[in-house]
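Let me begin by presenting the structure, written as structure tokens, before commenting on it.
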Amino acid sequence: MSEENIYQHFHSDERHFIDRCLDWIDQVENSYSVVTTYFLNPREIQILRTLANARELQIFSSQELALTELSKVILAPEYYVFDENDFDMALLEIRFAAKFIQISHAQILGTFLGQTGVKRQELGDIIVNDEVAQIFVSRHLIELFKSIDKIGRAAVKIEEIPLTELSESQENFVRDVVLAESLRIDKIIAISLKISRNIATNMIESNKVKINYLEINKKDFAVNEGDLISIRGYGRIKIGQILGLTKKGKQKVEVEITKNRKNK
């Protein structure tokens, strides 16, 4: 299959990532190299697996070690013997006086990026609950991250911990069944979050909305079962089953709604 034929199966915005994937695959096949990716989202992993599926190489996901949303992938020649250290991944625990002060996901992300200058792709999942915060990072950058001693107003100490000590997120979601005039993304956002359609449209036109990790700016984009809608600064909507039309012609849709803490 030619490269142009490959591109037509994906969104145009994914072309740059497809090129990166093809480069990784070529490195393995032509140079017999072991390639470890940066942290990838589920959509990127799906693309990588699709492209690598027919090629003569092995694929390993860090999800075999820790169930996370963002994960790393090892691409390797057929003779390669798996070594989990090749994921170049570590779990850091952020310790702070949780009885007196709280830190947020956004504060952790902003501090780790702002104080170190690393790219977002070097950071994985961030888990925050009332007692502890944890973050997955690329292992080769550990010492850089350990130099961080303050997040927001909280003094912090950062230590590496085993992956087996991954804390459960206390991120709460609400399951609901909504009745929408159609499956347009602006209407689904509005009815799910109980906001006006004008506000939902503004979110989309302000480039705050992604669907399945791709930025969307068309308010009439139609959602499907399994889609994940992310609204920057607000939360997420996971589309469950589409249950059909009511007698009044409205779409009946199962949703899982997760709001950021500040919006609860």
If residue 20 meets every condition in (1) under 15 Å from residue 74 (Cβ atoms); (2) open to solvent by 40 Å² or more (accessible area, probe 1.4 Å) apart from one, which number is that one? (1)
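Which residues, counting only those in the range 225-264, are of a type in the set (Ser, Thr, Tyr) and either without any contact (Cβ under 8 Å) to a residue 24 or more places away in the chain or on the phi > 0 side of the Ramachandran plot (or both)?
Kept after step one, since they are of a type in the set (Ser, Thr, Tyr), are these residues of the range 225-264: 230, 234, 246, 258.
Selection gives 230 alone.
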Please determine, by comparing only the residues of the range 187-241 that are buried (at least 17 other Cβ atoms within 10 Å of the Cβ) and aromatic (Phe, Trp, Tyr), which one is nearest to residue 11 (Cα to Cα). 221
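Given the options 183, 245, 179, name the one that is aliphatic (A, V, I, L, M) and open to solvent by 90 Å² or more (accessible area, probe 1.4 Å). Step through it out loud before you land on a result.
Details: 183 fails: open to solvent by 90 Å² or more (accessible area, probe 1.4 Å); 179 fails: open to solvent by 90 Å² or more (accessible area, probe 1.4 Å).
None of the others qualify; the one that does is 245.
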Contact list, first residue from the range 145-163 and without any contact (Cβ under 8 Å) to a residue 12 or more places away in the chain and within 13 Å of residue 111 (Cα to Cα), second anywhere and surrounded by fewer than 13 Cβ atoms within 10 Å (Cβ to Cβ) and of a type outside the set (Val, Ile, Thr), beta-carbon distance below 7 Å, six or more apart or interchain, is 149/155
Of all residues in the range 157-184 being modelled with pLDDT under 90 and among the small types (Gly, Ala, Ser), the one that is farthest from residue 200 (Cα to Cα): 167
Say whether the condition of being hydroxyl-bearing (Ser, Thr, Tyr) and either in contact (Cβ under 8 Å) with a residue 24 or more places away in the chain or assigned to a loop (DSSP other than H, G, I, E, B) (or both) is met by at least one residue in the range 176-184. yes
Within the range 103-142, of all residues that are open to solvent by 20 Å² or more (accessible area, probe 1.4 Å) and under 18 Å from residue 86 (Cα atoms), the one nearest to the chain's Cα centre (by Cα) is 121
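The values are calculated or read from the model by the stated rules, or taken from the named source; none is laboratory data. The structure presented is a predicted model; accordingly, all values stated were derived computationally and were not measured. All Cβ positions, glycine included, derive from the backbone under ideal geometry; neighbour counts span all protein chains shown. Heads up: the accessible areas ignore ligands, DNA and RNA and are worked out on the full protein's heavy atoms, side chains in. Shrake-Rupley method; radii C 1.70, N 1.55, O 1.52, S 1.80 Å.
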